[in-house]
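Notes for the one structure printed next.
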Amino acid sequence: MNEHRGEMREVTASPPVAGAPFQRGVLVDSRPTQTPLTGDALTDLLSAILAVAGQLDLTTVLDRFVQVSAELTGARYGAINVLDDQGASTTFVYTGIPTAVARMLRRPPHAEGVLGQIPVDGALRLDDLTQHRAFQGWPANHPPMGSFLGASVKVGEHVYGQLYLSEKVDGGSFTDTDESMVVALAAAAGVAISNAQLYAEAERREHWLQAGQDITTMLLEGVDEESALEHVARTAREVAGADTAALALPGLGGELYLELADGYQADVLTGLVMPRGGRAWTVLEEGHGLLTPSLSASRTVKLEEMRAFGPAMFAPLHSSGRGVGVLLLLRRIGRTPFDEGDLATAESFAAQAALAYVLAEARHAQDLAALLDERERIARDLHDLAIQQLFATGMQLETVRRRSARGVDAHELTSIVEEALDNVDSSVREIRQIVYALRDPDAATGLVERLRRETSLARTGLGFAPSLVLSLDGEVLTPGDGEGEDRIDERLEQELTDDVVAVVREGLANAARHAHASSVGVCVSVRGSGHTGSVTVDVEDDGVGLPADRERSSGTGNLASRARQHGGAFSLGVAPSGKGTLLTWQAPLA
């Protein structure tokens, strides 16, 4: 539970119970001996212990503890005051005081005065706390209280907080039996609080683990670096219960910059240079996390912008001894400091994020190496397939020049020039093929195979497999007709092949997004060859059809543009069956 310093929370109980005195004082008597419980009192105590111990949520544990304590003792007012190491209140859960009155009280009490004399073990019982010499009066608007019973709530050997009970409903004083029950219940509450803290810690660790896995997945899936780092900061802030998260990363000139921040004052922090010798540099260089109770109260903080925060946690982004950066988690002034458990889980998360970051960098380097290899391959292809042929063509033309100077027969020269022109055309085709291969890695794959791949990929979006029908010169090809498929591939130039694949892809995508169809069919028909030939693509579905006020989308606009570039046509209308949509795209083969 993220406790806020001075937080006051009301608990309703029947009968009304809780509240607490707000006063200063010095010394009080305590009564360490308790009366053994028997009969109904023991039964009531056991029931109360079970009511508290049966909870795993810390907030619920505190609420139930206040309720059953007041009910067992017949107190009108009751409260539990959770304290920090300096005795200051971090959470105050009360009941019995009217809400309007509670709002007028400036703050919950700290462990001072009479409250500061509640023993670590046993209880403090007073017939009238106003008669004690430590009592110095009530704060403004505080309801008057007389009888008082207080006990410490311990988690292990540490005093977690104090229970306050005041004003017996019957007007009497608290009894030995009340004291015995409160001491026993406080011990049980300590165990319940410990269990709730362990449960909360387990949940927090699970959230940190899941967050680390999400970051790893994002980075290894190829999400850009900035988006991944923003997700790291945002996730860490949410899981840690921080107000602000920031990432300090090495930058130009060897400086450590707050590259990005998320949450409170994020704009102010982004871009700050972390001073040498400061906490962030220490964490980066040593690889160990650091906790700070309050940046605002620290004399060593050099950045004025950091003084706007209280508790802080610095976790190193380290992987294999390499410092990638530092994760800063900050809370506002007055909030509960981070503890060692918070730091341990944050360090684990930061290490996992750093590892994923390094792996992503390695993959990027691998991709870059692959790109360089591909460039070398392209250079080899251009040299071996195109440049050499152009060089040979140049030599042929040089021969023509020399022979023409000697007056060689024109017929012989024309033959050499024609051969040179053929070589130039061949070189252009080689270069074009290389360029197409760069534009689309599938360019070397035939049209039929690429169409089969598109229909297979569309299965996920449609929820079923679309049908694919191929026809050549009016004859439908049977599956496995390799000769017919090769003839289709031979008749289409590479650019037209790319456009046919793009048309089929767009048609299937539109059907998946808008048609709500139960079947989709793709038909690609090739007729003739050369300038007199044509290719036609039909994508038909049995879906809901076109809306009456349809506006052309960018996708269908692109299809029309592709058709115009080839001198073809594109249409989108109602299917012949009267149900669904028919997309038709047609272009000449050359």
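The values are calculated or read from the model by the stated rules, or taken from the named source; none is laboratory data. Just so it is clear, the structure is predicted and the values come from calculations on it, not from any experiment. Every residue, glycine as well, gets a Cβ built from its backbone with ideal geometry; the counts of neighbours run over all protein chains shown.
Things worth noting here:
- Some residue of the stretch 552-568 being among the polar types (S, T, N, Q), surrounded by fewer than 20 Cβ atoms within 10 Å (Cβ to Cβ), modelled with pLDDT under 85 and part of a loop (DSSP other than H, G, I, E, B): yes
- Screening the candidates Glu221, Glu201, Glu225 for the property of being over 30 Å from Ser166 (Cα atoms) and at pLDDT 70 or above yields one hit, Glu201.
- Some residue of the stretch 537-549 being part of a loop (DSSP other than H, G, I, E, B), of a type in the set (Val, Ile, Thr) and free of Cβ contacts under 8 Å to residues at least 60 places away in the same chain: yes
- Residues of the stretch 557-590 satisfying the condition of being of a type in the set (A, V, I, L, M), more than 22 Å from Ala512 (Cα to Cα) and free of Cβ contacts under 8 Å to residues at least 60 places away in the same chain: Ala563, Ala569
- Failed criterion for Ala465 (all others in (1) in contact with a Lys or Arg (Cβ under 9 Å, 6 or more places away or on another chain); (2) under 26 Å from Gln565 (Cβ atoms) hold): (2)
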